[in-house]
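Trainee: Supplied in structure tokens, the structure appears directly below.
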Amino acid sequence: MLPAEQKTSTRDLWLAELRATLSLGWPLVLTNLAQIALTTTDVIVLGRVSARALAASALGVNVYFALLIFAIGLVTATSPMMAEAIGRKLHAVRDVRRTFRQGLWTAVIIAVPAWMVLWHTEAILLLFGQDAQAAADAQHFMRMLQWGFLPALGFIVLRSFVAAVQRPLWALLVTAVAILFNAAANWVLVFGHLGFPAMGLSGSGLATTLSNTFLFLTFVAVVLWHPKFRRYALFGNFWRADWPRFAKLWQIGLPIGAALAFEITVFNAAVFLMGQFGTAAIAAHAIAIQIASISFMVPMGLSQAATVRVGLAKGAADRDGITRAGWTAFVLAVSFMASMSVLLLSAPRVLIGAFIDLGNPANAVVIDTAMSFLFCAAVFQIADGAQSVGAGMLRGLQDTRVPMIIAGLGYWGFGMGLSLLFAFKLGFGGVGIWIGLAAGLAVVAPVMLWRWTRRERLGLV
């Protein structure tokens with residue numbers, strides 16, 4: 001091949017990868033945004049009820065997500081396993097079905113102890129020194145919300161399947177309908193419309209549980225109906241064990257769950273620390289973290305796309321394809337987060353106004369505090385995107401144990417240490433906590449990328 005032809009061929013391969021990543025990634029991104037819209041709806045609705053209701057829901061949701069994110073990481077191991085089987089092609093239908101089945105088994109197994117923990121949310125919050133009334137309110141909220149845990153995990157397993165077969169649009173469509181369902185359920189149950197009693201916090205938790213159940217059952221109907229999905233007979237022989245595959249899923253998934261838990265729990269711990277600075281700080285943190293979470297859904301979706309694309313290339317033993325898949329997703333994610341950083345710096349009040357009444361003088365302290373938190377969030381946007389996609393690239397290679405260690409040391413050893421130093425020792429208060437969070441992300445991102453660049457030397461491909 002002539003040099004010019006080789007150059008054209010290489011460019012075409014990169015453009016093809018870009019198209020494939022965008023085709024797979026944008027429905028995953030929008031699905032993530034749609035999923036976060038479920039809890040965002042709760043935050044918006046409860047913000048209209050009172051700052052106290054918003055603070056109580058923030059405390060409860062942080063306990064809930066600490067467990068849910070770990071469980072999501074665990075069942076997410078189905079994604080690279082199914083993608084590798086499809087890339088390998090040999091026995092793909094059988095292997096995908098068996099991996100899917102073990103993913104649902106895992107969801108059930110992990111949900112039971114999670115329910116037991118969440119039932120005692122008030123005791124957990126009191127153990128962390130939270131206000132007694134806020135803890136009691138959070139428990140009322142959680143005893144309705146917690147039953148959505150299992151259907152939420154079932155949805156993640158289904159989403160991993162449609163992503164692996166590169167048909168993620170169905171997950172988006174189902175989730176979009178669930179958002180409308182959740183908004184209507186919040187309107188009815190929180191404020192008491194259509195003859196229902198006004199349940200307040202409890203109504204919001206019940207609305208989200210009903211929405212997650214609706215989400216899962218609707219998705220089940222889709223995969224049973226659609227010809228592309230029906231050929232896998234996902235629910236066939238559901239009770240048949242595959243212990244080697246089950247063990248492999250946990251071997252890959254436990255480090256993923258732990259890594260995600262390290263990241264989310266450091267933010268959860270930030271909420272508990274915020275409790276030391278009053279209800280206004282908690283409410284401001286709830287708003288700022290919700291905005292940052294919405295932004296994060298884009299690199300998270302691209303990370304999921306990277307896992308699938310890298311996994312497919314790994315199954316096909318295509319080393320160049322692995323390289324293209326990883327770096328394409330990385331550049332897209334970092335570019336987006338750079339633009340989000342600019343938006344957070346230039347229009348913080350507009351964003352905060354979606355969650356709380358800017359014209360109410362009683363909210364002035366919450367608004368000012370949330371603006372200072374958003375400034376810190378703007379600083380760590382690029383690092384957050386880089387670490388997320390970096391982890392997704394490595395998951396596609398089924399490399400999860402070392403990234404877990406990196407996350408644990410970065411978020412808790414470095415980030416939380418600085419949060420405590422700046423917040424309490426140096427007197428920066430809530431802003432000091434966010435400085436530490438940003439520092440943790442800034443440490444984890446380059447180390448993840450360093451490992452990716454050394455993947456061949458480390459024998460990962």
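The values are calculated or read from the model by the stated rules, or taken from the named source; none is laboratory data. Not measured: the values here are computed from a predicted model. Glycine gets a Cβ as well: all are built from the backbone with ideal geometry, and neighbour counts include every protein chain shown.
Trainee: State whether the residues of the stretch 140-156 include one that is touching a Phe, Trp or Tyr at 6+ places or on another chain (Cβ under 7 Å) and among the aromatic types (F, W, Y).
Mentor: Yes: one or more hits.
Trainee: Restricting attention to the stretch 219-250, and to residues there that are under 22 Å from A114 (Cβ atoms) and either in contact (Cβ under 8 Å) with a residue 60 or more places away in the chain or among the charged types (D, E, K, R) (or both), which single residue is surrounded by the most Cβ atoms within 10 Å (Cβ to Cβ)? Quick ask: steps written out before the conclusion?
Mentor: Of the stretch 219-250, the ones under 22 Å from A114 (Cβ atoms) are 219-220, 238, 246-247, 249-250.
Of the ones still in play, those that are also either in contact (Cβ under 8 Å) with a residue 60 or more places away in the chain or among the charged types (D, E, K, R) (or both) are 219-220, 238, 246, 249-250.
On the way: F219: 25, V220: 17, F238: 11, F246: 18, L249: 23, W250: 17.
So the residue we want is F219.
Trainee: Would you check if A338 is out of contact with any strand residue (DSSP E or B) (no Cβ under 7 Å at 6 or more places or on another chain), at pLDDT 90 or above and buried (at least 22 other Cβ atoms within 10 Å of the Cβ)? Spell out how you get there, then give the answer.
Mentor: Numbers: out of contact with any strand residue (DSSP E or B) (no Cβ under 7 Å at 6 or more places or on another chain): yes; at pLDDT 90 or above: yes; buried (at least 22 other Cβ atoms within 10 Å of the Cβ): no.
So A338 fails the test.
The rows are residues; the columns are (1) among the small types (G, A, S); (2) surrounded by 14 or more Cβ atoms within 10 Å (Cβ to Cβ).
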{"residue": "A114", "(1), (2)": "yes, yes"}
{"residue": "T121", "(1), (2)": "no, yes"}
{"residue": "L126", "(1), (2)": "no, yes"}
{"residue": "Q133", "(1), (2)": "no, no"}
{"residue": "D137", "(1), (2)": "no, yes"}
{"residue": "M142", "(1), (2)": "no, yes"}
{"residue": "L145", "(1), (2)": "no, yes"}
{"residue": "G148", "(1), (2)": "yes, yes"}
{"residue": "L153", "(1), (2)": "no, yes"}
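Trainee: If the Cβ limit is 8 Å and pairs must be 6+ apart or interchain, which residue in the stretch 7-26 that is part of a helix (DSSP H, G or I) pairs with which residue that is surrounded by 18 or more Cβ atoms within 10 Å (Cβ to Cβ) and of a type in the set (K, R)?
Mentor: Matching pairs, first to second residue: L13/R324; W14/R324; E17/R309; E17/R324; A20/R309; T21/R309; L24/R309.
Let's see how each residue does on (1) closer than 24 Å to R455 by Cβ; (2) in contact with a Leu (Cβ under 6 Å, 6 or more places away or on another chain); (3) assigned to a helix (DSSP H, G or I):
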position: M371; (1), (2), (3): no, no, yes
position: V379; (1), (2), (3): no, no, yes
position: G390; (1), (2), (3): yes, yes, yes
position: G408; (1), (2), (3): yes, no, yes
position: W412; (1), (2), (3): no, no, yes
position: G417; (1), (2), (3): no, no, yes
position: L420; (1), (2), (3): no, no, yes
position: F424; (1), (2), (3): no, no, yes
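Trainee: OK, next. Would you point out the residue of the stretch 264-279, among those that are modelled with pLDDT of 75 or more and β-branched (V, I, T), that is nearest to F296 (Cα to Cα)?
Mentor: I264
Trainee: Under the condition of being surrounded by fewer than 17 Cβ atoms within 10 Å (Cβ to Cβ) and among the aromatic types (F, W, Y), which residue from the stretch 415-453 is modelled with the highest pLDDT?
Mentor: Result: W450.
Trainee: Being over 30 Å from V310 (Cβ atoms) and either of a type in the set (S, T, N, Q) or in contact (Cβ under 8 Å) with a residue 40 or more places away in the chain (or both) narrows it down to one of A83, A56, so name that one. Outline the logic, then answer.
Mentor: On the way: A83 fails: over 30 Å from V310 (Cβ atoms).
None of the others qualify; the one that does is A56.
Trainee: Looking only at the stretch 168-218, which residues are buried (at least 16 other Cβ atoms within 10 Å of the Cβ) and in a loop (DSSP other than H, G, I, E, B)?
Mentor: Scanning the stretch 168-218 gives P168, M199, G200.
Trainee: When you go through (1) surrounded by fewer than 23 Cβ atoms within 10 Å (Cβ to Cβ); (2) at pLDDT below 90 one by one for R401, which number turns out not to apply?
Mentor: Unmet condition: (2).
Trainee: Let me ask something additional. Which residues, taken from the stretch 62-89, are among the aromatic types (F, W, Y) and surrounded by 22 or more Cβ atoms within 10 Å (Cβ to Cβ)? Working first, answer last.
Mentor: In the first step, residues of the stretch 62-89 are kept if they are among the aromatic types (F, W, Y); the result is 64-65, 70.
Scanning the stretch 62-89 gives Y64, F70.
Trainee: Output the residues belonging to the stretch 342-369 that are surrounded by 16 or more Cβ atoms within 10 Å (Cβ to Cβ) and β-branched (V, I, T).
Mentor: I352, I356, V365, V366, I367, T369
Trainee: Right, here's the next one. Being closer than 30 Å to A134 by Cβ, at pLDDT 75 or above and out of contact with any strand residue (DSSP E or B) (no Cβ under 9 Å at 6 or more places or on another chain), is that true of even one residue in the stretch 6-22? If you could, list the steps in order and put the result at the bottom.
Mentor: Restricting attention to the stretch 6-22, the residues satisfying the condition of being closer than 30 Å to A134 by Cβ are none.
No, that holds for no residue.
Trainee: Identify, from the list T323, T328, T265, the residue that is buried (at least 17 other Cβ atoms within 10 Å of the Cβ), out of contact with any helix residue (DSSP H, G or I) (no Cβ under 7 Å at 6 or more places or on another chain), among the polar types (S, T, N, Q) and within 23 Å of D399 (Cβ to Cβ). Write out each step before concluding.
Mentor: Working: T328 fails: out of contact with any helix residue (DSSP H, G or I) (no Cβ under 7 Å at 6 or more places or on another chain); T265 fails: out of contact with any helix residue (DSSP H, G or I) (no Cβ under 7 Å at 6 or more places or on another chain).
After applying the criteria, what remains is T323.
Trainee: Can you tell me which of A333, A286 is touching a helix residue (DSSP H, G or I) at 6+ places or on another chain (Cβ under 7 Å), surrounded by 24 or more Cβ atoms within 10 Å (Cβ to Cβ), in a helix (DSSP H, G or I) and free of Cβ contacts under 8 Å to residues at least 60 places away in the same chain?
Mentor: On the way: A286 fails: free of Cβ contacts under 8 Å to residues at least 60 places away in the same chain.
Only one candidate passes the filter, namely A333.
Trainee: Here's another thing I want to ask about it. Which pairs turn up if I take residues in the stretch 161-188 that are closer than 22 Å to P80 by Cβ and look for partners that are crowded, with 17+ Cβ neighbours inside 10 Å and of a type in the set (K, R) with beta carbon separation below 6 Å, at least 6 apart in sequence or on another chain?
Mentor: From residues that are closer than 22 Å to P80 by Cβ, the pairs are A171/R159.
Trainee: Applying the selection to the stretch 120-156, what residues are in contact with a helix residue (DSSP H, G or I) (Cβ under 7 Å, 6 or more places away or on another chain), modelled with pLDDT of 85 or more and assigned to a loop (DSSP other than H, G, I, E, B)?
Mentor: Answer for the stretch 120-156, where residues must be in contact with a helix residue (DSSP H, G or I) (Cβ under 7 Å, 6 or more places away or on another chain), modelled with pLDDT of 85 or more and assigned to a loop (DSSP other than H, G, I, E, B): there is none.
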